[in-house]
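Have a look at the structure below, then the notes.
The values are calculated or read from the model by the stated rules, or taken from the named source; none is laboratory data. Because the structure is predicted, anything quoted here is derived from the model rather than measured. Note that each Cβ is placed from the backbone with ideal geometry, even for glycine, and that neighbours are counted across all protein chains shown.
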Amino acid sequence: MSNQNIQVTKRNGTQEPLDLEKMHRVITWASEGLENVSVSEVELRSHIQFYDGITSSDIHETIIKSAADLISENAPDYQHLAARLAIFHLRKKAFDRFTPPSLFEHINKMVRSGLYDAQVLEDFSKKEIDELDNYIQHDRDMTFSYAAVKQLEGKYLVQNRVSGKIYESPQFIYMMIPMCLFAHYPVETRLQYIKDFYDASSLFKLSLPTPIMSGVRTPTRQFSSCVLIECGDSLDSINATSSSIVKYVSQRAGIGVNVGRIRALGSEIRGGEAYHTGMIPFIKHFQTAVKSCSQGGVRGGAATLFYPIWHLEVESLVVLKNNRGVEENRARHLDYGVQINKLMYQRMIEGGMITLFSPSDVPGLYDAFFEDQEEFERLYKIYEVDDNIRKKQIKAIDLFTQIAQERAQTGRIYIQNVDHCNTHSPFDPAKAPVHQSNLCLEIALPTKPLNSVDDPDGEIALCTLSAFNLGALKNLDELEKLSDLIVRALDSLLDYQDYPVEAARHSSMGRRTLGVGVTNMAYY
């Protein structure tokens, strides 16, 4: 069948003949200003995939894929051609037209649908929203690469993640985020902060993390990227940890869990009334909790678990990610952080032994491991020669070699130098020791184990992230204004967001931890 005889099924269900001229106009529009791209080549690749009854949506997607397939080192501008075509298609899906609606119209519709936080309409007048609408530059959608548009579609745009229906276009994200975060600033100044933040983010000078990009403006108010949860050595604490993991994984967060306090396999429970099953069953319990939810439908749950190198079960723990062994003694879907201090390195360098203990058998040793290195070394040597304490010795070089081999073979087995973390942190280790890191090991914050989900004495550490995109800055003089903007925004976010677990609110309100880094330094 020739293309002239093909019938196209439109979005409303009616059919009409394939309009090649209309398709040509759209591709020509998308190629404007681009170098080394061929409209006819995209058309040719698309035409051979058309069939009678094809939907208009499938035609768009076929053209987009045809352009994307032409992206190469010699013709990189096809990424922008594909991106523009994808934006065209995205807007048609979201708004049934190419031109986005007004900001006020859009917010009203989204609030009525339960997709945007209704607080926005209470905080801003129509006059203010109209002023911001006049400031939005929807043309900035055309600056994205194809990969960026696909990431927006997959992770950031508000959508029905079951049906795939998309409800917004990118510039609405960049305007809605500062509207939510600066809503409680003085009326006289907040619009300027919103406009400045909109420019900084939509021009890619600031990089925002997934929880903020996908979440701020929606009714689910949890935007911290990193959640650090410490587990104690009791069933109550283990269950509270598991419950906290589920609550935070379901709301877009990546998890760091400290399991180092849990006693080793074979330890006494209630004076010998019961025999402890060890760490692995509980690690598998945490793995199930992590994988039970996706991160708000945006990405899969993920966690890194931390334990000290001198834990009695370390030889069983360090192999948890590898493909040998059986399912019962592996937990391959988690990442791991092995905690080390100077004494352990010295034992390796000197060809000495590392003595392994269950933390429950060596009072004070676990806390001293983080708080006081001299006290740790003193206690460690005392316990090494105490015949009443269960222990095992292993050559330090053998243990370090095994860790290095597992890390090389499986990846994502990290090293945390806990003495260095505590001597180089803003916290006093005697009062607020750092016991762990997060999913990606870039932050170190104090935590306390929870005995219940509502434990007022527990402390879950949160970190709310962002970064300066140095590749988009003309000079470093811009950093001062950008720093002011992002710190104000993230600090406001701490008050704006909800806290599924009270221990996290307690920590955030007390410490107000923010993380601002840099990205694309090589481009700068």
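The residue list G260, G266, G256, G272 contains one member that is of a type in the set (G, A, S), within 26 Å of F369 (Cα to Cα) and modelled with pLDDT under 80, which is G266.
Taking the condition among the charged types (D, E, K, R), modelled with pLDDT of 95 or more and in a helix (DSSP H, G or I), does D117 pass? In short, no. Do the conditions hold for D491, that is, is it touching a Lys or Arg at 6+ places or on another chain (Cβ under 9 Å) and under 28 Å from S234 (Cβ atoms)? Considered against the rule, which asks whether it is touching a Lys or Arg at 6+ places or on another chain (Cβ under 9 Å) and under 28 Å from S234 (Cβ atoms), D491 comes out as no. Look at (1) among the polar types (S, T, N, Q); (2) more than 27 Å from E371 (Cβ to Cβ); (3) surrounded by fewer than 22 Cβ atoms within 10 Å (Cβ to Cβ) and you find that S452 fails only one, number (2).
Here D398, D367 are screened, and the one residue that is modelled with pLDDT of 95 or more, under 37 Å from the mean Cα position of the chain (by Cα), among the charged types (D, E, K, R) and under 22 Å from Q436 (Cβ atoms) is D367.
S267 satisfies every condition listed in (1) of a type outside the set (V, I, T); (2) crowded, with 24+ Cβ neighbours inside 10 Å; (3) in contact with a Ser or Thr (Cβ under 6 Å, 6 or more places away or on another chain) except (2).
Note on the range 421-445: among residues that are without any contact (Cβ under 8 Å) to a residue 24 or more places away in the chain and in contact with a Pro (Cβ under 7 Å, 6 or more places away or on another chain), the one that is farthest from V257 (Cα to Cα) is F427. Residues that are under 18 Å from K10 (Cβ atoms) and of a type in the set (A, V, I, L, M) were ranked within the range 37-63; the one that is surrounded by the fewest Cβ atoms within 10 Å (Cβ to Cβ) is I54.
Using the structure shown, decide if P178 is part of a helix (DSSP H, G or I) and modelled with pLDDT under 95.
Answer is no for this residue.
Of all the criteria given as (1) in contact (Cβ under 8 Å) with a residue 24 or more places away in the chain; (2) part of a loop (DSSP other than H, G, I, E, B), the one not satisfied by N12 is (1). Given the criteria free of Cβ contacts under 8 Å to residues at least 40 places away in the same chain, more than 24 Å from V518 (Cβ to Cβ) and either acidic (D, E) or touching a helix residue (DSSP H, G or I) at 6+ places or on another chain (Cβ under 9 Å) (or both), does H184 qualify? In short, no. Exactly one residue out of S250, S214 is surrounded by 20 or more Cβ atoms within 10 Å (Cβ to Cβ), on the phi < 0 side of the Ramachandran plot and touching a residue at least 24 places away in the same chain (Cβ under 8 Å), and it is S214. Consider the range 308-324 and keep the residues that are among the β-branched types (V, I, T) and part of a loop (DSSP other than H, G, I, E, B). The one that is farthest from the chain's Cα centre (by Cα) is I309. Within the range 158-174, the residues that satisfy the criterion of being out of contact with any Leu (no Cβ under 8 Å at 6 or more places or on another chain) and either under 14 Å from G215 (Cβ atoms) or outside any loop (DSSP other than H, G, I, E, B) (or both) are Q159, R161, Q171, Y174. Of the residues making up the range 499-512, those that are touching a helix residue (DSSP H, G or I) at 6+ places or on another chain (Cβ under 8 Å) and over 13 Å from V453 (Cβ atoms) are S508, M509, R512.
For the range 436-449, taking the residues that are farther than 16 Å from A503 by Cα and not hydrophobic (A, V, I, L, M, F, W, C), the one that is surrounded by the most Cβ atoms within 10 Å (Cβ to Cβ) is identified as Q436. If you go through the range 480-507 and keep only what is closer than 20 Å to F468 by Cα and under 20 Å from the mean Cα position of the chain (by Cα), you end up with I486, V487, A489, L490, D491, S492, L493, L494. Restricting the range 101-117 to residues that are in contact (Cβ under 8 Å) with a residue 60 or more places away in the chain and surrounded by fewer than 20 Cβ atoms within 10 Å (Cβ to Cβ) leaves a set whose member that is farthest from F172 (Cα to Cα) is G114.
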